[in-house]
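Here is the structure we will look at, set down as structure tokens.
The values are calculated or read from the model by the stated rules, or taken from the named source; none is laboratory data. Owing to the predicted nature of the structure, the values given are computational and were not obtained by experimental measurement. Heads up, the Cβs are rebuilt from the backbone with ideal geometry, glycines too, and the neighbour counts pull from every protein chain shown. Ligands, DNA and RNA are excluded from the accessible area calculation, which covers all protein heavy atoms including side chains. Shrake-Rupley method; radii C 1.70, N 1.55, O 1.52, S 1.80 Å.
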Amino acid sequence: MEIIALIIIFSWLVITTIVAALAGIIKKFSLEEWTVASREIRSIIMYFALAAEIYSAFTFLGLAGWAFSYGYSIYYAPAYFTTAYCTGFLLAKYYWIYSKKFGYITQADYFADRYESRLLGVIVAIIGVLALLPYIQLQIIGVGIIVESASYGTIDRTTAFIIAFLCTAVFIFIGGARGILWTNVLQGILMFTCAFIVLGVPLIGVGGIDRLFDIVIREFPSHLVPPGAKGIHPIQWYMSSLLLTTLGFWMFPHLVMRVYAAKSPEAPMRSTALMPWYSILAFPIILAGYSALILVPKLGVADMAVMETIKIVYPASIVGLVGAGGLAAAVSTGGGLIQASAAIIARNWIQRGLWPKAGDITTAWIARFLTLVITITSLLLALYAPALLVYLLLVAYSFVVQFFPGTALGYTWKRATKAGVMAGILVGCLVVILTSFVWRDPYGVHSGIWGLAANFATTIPVCLITKPPSQQVLNRFFK
Amino acid sequence: MPLTAERIAVLLAAIPPIVLILSAPVVLYIVEPRVLGMPFNLFWHLMWMVAGPFILTVAYTIRVREMRMKREV
């Protein structure tokens, strides 16, 4: 029966690889095409593309695992699946308009241009790539867990993630942004379908949602209210994490690049406005996490909650389909992260930093080859040094939220200056490091919020006392 | 400060984050009554996922109408 599951999972991988490669082949290769799909993506594709890129291995494994281990605190995820799109909706218009007007292909392009500083562009690019790396590794590990479990152990996790990510590297190399966006439509539809198959776990496995929570309220009451099952997530943790994700979510460089790929500003605005409805896929998975408390109470690895509970409820073919959904979630997100990292390094570290004479086509080829380098490096790290990126993961979200003042003030405040934004980012990151590793989350408030507060407290006064932006910049951005 | 279309859109889009963050100290402790079998605090999040796009669609309509008017001008 494991053969059926395996065939489904790997057929899916082959289909996505072919679709992505074809999407890239049909268009003429250029820097703009490979990085932002020539800015031709329409609303429907944008919607599923964003969905597949946003909902990752964490959605399939982590949400249920978190509900199983900690209980209520996972509610911050469905909360930010609503609130982060409010921020995204507001920012998407500005992201798209200025990228189209001034030809940006990465987030760092905006910082370098708006603040007239290549150095600031390079700093933003370095922090951006450092923030993406641990998430790439998370997807790699996620693929391993999902395929190993869905194949009933026939394929070990190392083989699984090597095959999956080598296919991913091939389709990004050939297909670029368009390949990722096209496969993400397929992945997004599959993920949504699979999430609702998971609803069978509480309905069939436990006997209904009512019965599930009757048992949880009776036997695991601490799972349902703060500070959660382990007592480590007080209410201020929930509030500060929600604020952090609301402001920080659309600071991730790969998501900014996806907005740049849209054909019109309406496409990303419409997609973000309607995305919370797609996010409802989180609910069956959270319910599966609670169901695991009853169905597999001695579960050793919490992240296996979804895969182990569906094995109890469904036959191998459905397990394979859900495995393919999980694989789709990990590969679509991982692919986007790898492509964005390669584009940022090629554009902002090399073309706008070390080698200014590099032409656009040369830069695009560098980005293509960097895709392979980043994939292989990530696979090696996942194999030989899985703990290396754990520290980076702790601070990744908190780091990218430090771009928020420079982004929001840059669009709305004429007095926002290079010195102010640069000082704010550096002070913010320093405070994040201190509140992550020295004095962890003081008063239960997330380190990213402490960093952001310090960032604003630095940016605004420094902007006011330093030389204002040139008249040329003010004319370009505010007239 | 005049209430422009952009400002109305910002105000509307700010409703879900403000409500979800500020209501947390009260709502997250409410398990009963249960709705659709779920504890109230879980249902509360589902409700906002359903309601959020309606609010953002209103904001979108207002914003896009203004953008199109500007484009025509």
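Within the range A:56-79, is there a residue that is at the interface with chain B (Cβ under 7 Å from one of its Cβ atoms), farther than 26 Å from B:F40 by Cα and either open to solvent by less than 10 Å² (accessible area, probe 1.4 Å) or touching a strand residue (DSSP E or B) at 6+ places or on another chain (Cβ under 8 Å) (or both)? Looking for residues that are at the interface with chain B (Cβ under 7 Å from one of its Cβ atoms), farther than 26 Å from B:F40 by Cα and either open to solvent by less than 10 Å² (accessible area, probe 1.4 Å) or touching a strand residue (DSSP E or B) at 6+ places or on another chain (Cβ under 8 Å) (or both), one finds none in the range A:56-79, hence no. Of the helices (runs of 4 or more DSSP H) that lie entirely inside the range A:205-305, those containing 3 or more residues that are over 30 Å from A:I41 (Cβ atoms), free of Cβ contacts under 8 Å to residues at least 60 places away in the same chain and open to solvent by 40 Å² or more (accessible area, probe 1.4 Å) span A:209-219. Checked against (1) open to solvent by 40 Å² or more (accessible area, probe 1.4 Å); (2) modelled with pLDDT under 95; (3) within 14 Å of another protein chain (Cβ to nearest Cβ), A:K311 meets all criteria but (3). Note on the range B:5-14: residues that are open to solvent by 50 Å² or more (accessible area, probe 1.4 Å) and more than 8 Å from every other protein chain (Cβ to nearest Cβ) amount to 3. The residue of the range A:134-171 that is nearest to A:T333 (Cα to Cα), among those that are among the aliphatic types (A, V, I, L, M) and open to solvent by 50 Å² or more (accessible area, probe 1.4 Å), is A:L138.
Conditions (1) over 19 Å from the mean Cα position of the chain (by Cα); (2) not aromatic (F, W, Y), marked per residue:
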site: B:Y29; (1), (2): yes, no
site: B:N41; (1), (2): no, yes
site: B:V50; (1), (2): no, yes
site: B:K70; (1), (2): yes, yes
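Among the residues making up the range A:93-133, those that are open to solvent by 30 Å² or more (accessible area, probe 1.4 Å), of a type outside the set (A, V, I, L, M) and within 14 Å of chain B (Cβ to nearest Cβ) are A:Y94, A:K100, A:K101. Taken together, the criteria exclude B:I18 from residues that are without any contact (Cβ under 8 Å) to a residue 40 or more places away in the chain, within 24 Å of A:L212 (Cβ to Cβ) and β-branched (V, I, T). Residues that are part of a helix (DSSP H, G or I), modelled with pLDDT of 90 or more, within 14 Å of another protein chain (Cβ to nearest Cβ) and surrounded by fewer than 23 Cβ atoms within 10 Å (Cβ to Cβ) do not occur anywhere in the range A:18-37.
Taking (1) over 19 Å from A:I344 (Cα atoms); (2) within 17 Å of the chain's Cα centre (by Cα) in turn, A:Q107 satisfies each apart from (1).
Is it true that B:L20 is among the hydrophobic types (A, V, I, L, M, F, W, C), at the interface with chain A (Cβ under 10 Å from one of its Cβ atoms) and in contact with a His (Cβ under 9 Å, 6 or more places away or on another chain)? Criteria met by B:L20.
Selection of the range A:335-388 for residues being of a type in the set (F, W, Y) and either more than 18 Å from A:S117 (Cα to Cα) or loosely packed, with under 15 Cβ neighbours inside 10 Å (or both) yields A:W355, A:W365, A:F369, A:Y384. Of all residues assigned to the range B:51-70, none qualifies as being closer than 25 Å to A:L212 by Cβ and open to solvent by 50 Å² or more (accessible area, probe 1.4 Å). Quick one: in the range B:25-52, of everything that is part of a loop (DSSP other than H, G, I, E, B) and more than 7 Å from chain A (Cβ to nearest Cβ), which residue is modelled with the highest pLDDT? Among them, the one singled out is B:I30. Filtered by the rule that a residue be more than 8 Å from chain A (Cβ to nearest Cβ), part of a helix (DSSP H, G or I) and not charged (D, E, K, R), the range B:56-73 gives B:V58, B:T61, B:I62, B:M69.
Only helices (runs of 4 or more DSSP H) whose full extent lies in the range A:76-186 are considered here, and the ones with at least 2 residues that are among the aromatic types (F, W, Y) and modelled with pLDDT of 90 or more are A:76-102, A:107-114.
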